[in-house]
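First up is the structure itself, then whatever we jot down about it.
The values are calculated or read from the model by the stated rules, or taken from the named source; none is laboratory data. Keep in mind that what you see is a predicted model, and the values were worked out from it rather than measured. We place every Cβ from the backbone using ideal geometry, glycine too, and count neighbours over all the protein chains shown. Only protein heavy atoms, including side chains, enter the accessible area calculation; ligands, DNA and RNA are left aside. Shrake-Rupley method; radii C 1.70, N 1.55, O 1.52, S 1.80 Å.
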Amino acid sequence: MELLYGGPNTGFSSLRIPGTEFPIINLQQGRAAAGWGRVIFHVADVDAFWAHLKEKGFQPDTPHNASWGERYFHMHDPDGHELSFARPL
């Protein structure tokens, strides 16, 4: 991630994926909370990325086609936050 504003010792930071205009992630310092929140990453190929994670020893959920027009899957990071990987159908 590219740091646009802030840093490790500030109360607020903005980040984005290098070479893109969007998405921008804004983070605000606060109380740590496990199991809350979700970050959605759009990937070029949901099934290929799912297979890559499986090969690396992760246990992501099985990919699904959603009624809102995306193929996606979820997994949790080590702190219990949900990560979603998606691609418009």
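Residue pairs whose Cβ atoms lie under 9 Å apart, separated by 6 or more positions or on different chains, with the first residue in the range 63-79 and among the small types (G, A, S) and the second open to solvent by less than 30 Å² (accessible area, probe 1.4 Å) and part of a strand (DSSP E or B), are A66/A86.
A count restricted to the range 78-89 and to residues that are loosely packed, with under 15 Cβ neighbours inside 10 Å and within 13 Å of F41 (Cα to Cα) stands at 1.
Those strands (runs of 3 or more DSSP E) of the range 16-89 in which at least 3 residues are modelled with pLDDT of 85 or more, considering only elements entirely within it, cover 38-42, 70-76, 82-88. Scanning the range 52-70 for residues that are open to solvent by less than 60 Å² (accessible area, probe 1.4 Å) and under 24 Å from T20 (Cβ atoms) yields L53, P60, P63, A66, G69, E70.
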